[in-house]
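**Student:** Have a look at the structure that comes next, please.
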Amino acid sequence: MKWSWKLGEIAGIGIYVHATFLLLLGWVALSHYIAGALTAKRFGIQTRDITLLPIGGVARLERMPDDPKQELWVALAGPAVNVVLAAVLYIAIALTSGPPSLSNLNMVSGNFWEKLLWVNVSLAAFNLLPAFPMDGGRVLRALLAMRMSYVRATQIAAHVGQGMALLFGFIGLFYNPFLVFIALFVWMGASQEASMVQMKSALGGIPIQAAMIKDFRTLAPSDSLERAVEHILAGFQQDFPVVEQERVVGVLTRNDLLKALSQRGTKGRVEDAMQRQFETADPNEMLETVFARLNGNGCHSLPLMRNGRLTGIVTMDNVGEFLMVQAALRKARA
C-alpha cells in the first residue's frame, strides 16, 4: 500500500505503518495540547511536557490548580475539545456523504475523516472514565474536593480508579488482553497520584531551608574529575554545584560524572561534564513547590541561592530523609 513504511516482520509477516496512522497520532497530541495545556496556562500553570499513550496524550503540569473549580475546567478541556471536533466531523461527513453510522466506525475501515471521528469519540469516552491518570479521574477529584479536603478527595478518586482497574483486568483476562494492560496503567496512575498528593500535603507550609543541605562541597570548572571522585568516595554528596568567582555556573551530577569518567578518565575536567542548564531555588520557597521542580528536573539537585550567593543545596534524597524524620516525630507526638 502506498504511503506505508515497514516496521519489521513477525513470523515472516511484514508489519507496516501507514501515513494516516502517524497523522492520527499527531492529531491526538495536537488536540490534547490545545485543550488541557492552554486551559492550564490561563490559570498561570505551565505544562512541562505531553506524553503520547495508547489512550491519548497526558500533559504533565508544573502543578495542579489549587482551586477545585480550576482543576475541573482543566480536566474537562481535553474531552470537550474531542466532543466538539467529533460533532464538527460528524456534520461535515453527513453533509458530504450522508450521516455515518457510529456503530460502524473503527480504526481500520472507512475514510480518513471517519477515522478521525472514531478517534475523537473514543478519546472523549475513555478519558472521561473516573480513573487516574485519565481526565475523568481529575474531574471526580475536583468535584469531591469542593466538599472535602484535597487529600481525602484524591484518596477516594484513587480508590475508584483502582476499582475500575480491577474490573478492566478481570474482563481483560477473558475477553481482551489489551484491557489488562490498561488495568495496570490505571492502577499505577491512581497509586502514583495518591502518593504525590499525600507527599505534597506533608510538605505544605515548610520552607526549603528547613531541609536543605548546609554542609556541602563545590567544584570549580577547571577541577579534574578526580577531585569529584574524591568527594563522592569521602561520602560528602553525589551532585555538586560548580562555582566560578562565587557564581554558580553549572551542576555536576553523579550520572554525568560516571559517563565522563568512562570517556575521559580521571584527568577530564569538570566543565566538560557539568550541566550548564539548571534551575535554582530560594531558601524561603516552600518545600512542596521546590519538590515539584526537583521531580521534573533531570539532575534531581537544586542549588539554593540568596541574593545571588550559594547558601545550600537540596536533593531528592535529603527531601526523602526529611520526610522520614518528620513522620517519626509525628509518631512520637501522637
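**Student:** Based on what the data block shows, is residue 226 farther than 19 Å from residue 317 by Cβ, surrounded by fewer than 18 Cβ atoms within 10 Å (Cβ to Cβ) and without any contact (Cβ under 8 Å) to a residue 12 or more places away in the chain?
**Tutor:** Taking the combined requirement at face value, the residue does not satisfy it.
**Student:** Within region 306-321, can you find the residues that are open to solvent by less than 30 Å² (accessible area, probe 1.4 Å) and in a strand (DSSP E or B)?
**Tutor:** 312, 313, 314, 315, listed by residue number.
**Student:** When the residues of region 122-140 are narrowed to those that are of a type outside the set (Gly, Ala, Ser) and touching a Leu at 6+ places or on another chain (Cβ under 7 Å), which ends up most open to solvent (accessible area, probe 1.4 Å)?
**Tutor:** That would be 130.
**Student:** Could you list, in sequence order, all residues of region 259-279 that are surrounded by 15 or more Cβ atoms within 10 Å (Cβ to Cβ) and part of a loop (DSSP other than H, G, I, E, B)?
**Tutor:** Within region 259-279, 268, 273, 274, 278, 279 qualify.
**Student:** Going by the structure shown, is residue 324 closer than 28 Å to residue 200 by Cα and loosely packed, with under 15 Cβ neighbours inside 10 Å?
**Tutor:** Yes: the conditions hold for residue 324.
**Student:** Would you mention how many residues in region 156-210 are more than 24 Å from residue 323 (Cα to Cα) and either surrounded by 16 or more Cβ atoms within 10 Å (Cβ to Cβ) or under 20 Å from the mean Cα position of the chain (by Cα) (or both)?
**Tutor:** Count: 18.
**Student:** Let me ask you something else. Anything in region 260-276 that is among the aliphatic types (A, V, I, L, M) and touching a residue at least 40 places away in the same chain (Cβ under 8 Å)? List them, or say none.
**Tutor:** Hits for region 260-276 are 270, 273, 274.
**Student:** Among the residues of region 282-303, are any over 21 Å from residue 208 (Cβ atoms) and either among the basic types (Lys, Arg) or part of a strand (DSSP E or B) (or both)?
**Tutor:** no
**Student:** So how many residues does region 141-155 have that are open to solvent by less than 10 Å² (accessible area, probe 1.4 Å) and basic (Lys, Arg)?
**Tutor:** Result for region 141-155: 1.
**Student:** Is it the case that residue 147 is free of Cβ contacts under 8 Å to residues at least 40 places away in the same chain and over 13 Å from residue 194 (Cβ atoms)?
**Tutor:** Spelling it out, residue 147 is indeed free of Cβ contacts under 8 Å to residues at least 40 places away in the same chain and over 13 Å from residue 194 (Cβ atoms).
**Student:** Continuing with the same structure: Out of curiosity, is residue 236 within 23 Å of residue 304 (Cα to Cα), modelled with pLDDT of 85 or more and among the aromatic types (Phe, Trp, Tyr)?
**Tutor:** The answer is no for residue 236.
**Student:** Taking residue 256 as the residue in question, decide whether it is touching a residue at least 12 places away in the same chain (Cβ under 8 Å), in contact with a Leu (Cβ under 9 Å, 6 or more places away or on another chain), open to solvent by less than 90 Å² (accessible area, probe 1.4 Å) and acidic (Asp, Glu).
**Tutor:** no
Each row is one residue, and each column tells you yes or no for (1) open to solvent by less than 40 Å² (accessible area, probe 1.4 Å); (2) modelled with pLDDT of 75 or more; (3) in contact with a helix residue (DSSP H, G or I) (Cβ under 7 Å, 6 or more places away or on another chain).
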{"position": "41", "(1), (2), (3)": "no, no, no"}
{"position": "46", "(1), (2), (3)": "no, no, no"}
{"position": "57", "(1), (2), (3)": "yes, no, yes"}
{"position": "79", "(1), (2), (3)": "yes, yes, yes"}
{"position": "89", "(1), (2), (3)": "yes, yes, yes"}
{"position": "97", "(1), (2), (3)": "no, yes, no"}
{"position": "108", "(1), (2), (3)": "no, no, no"}
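The values are calculated or read from the model by the stated rules, or taken from the named source; none is laboratory data. Since the model is a prediction, treat every value here as computed from it, not as a measurement. With ideal geometry, Cβ positions are generated from the backbone for all residues, glycine too; neighbour counts draw on all protein chains shown. Heavy atoms of the whole protein, side chains included, go into the accessibility calculation; ligands, DNA and RNA do not. Shrake-Rupley method; radii C 1.70, N 1.55, O 1.52, S 1.80 Å.
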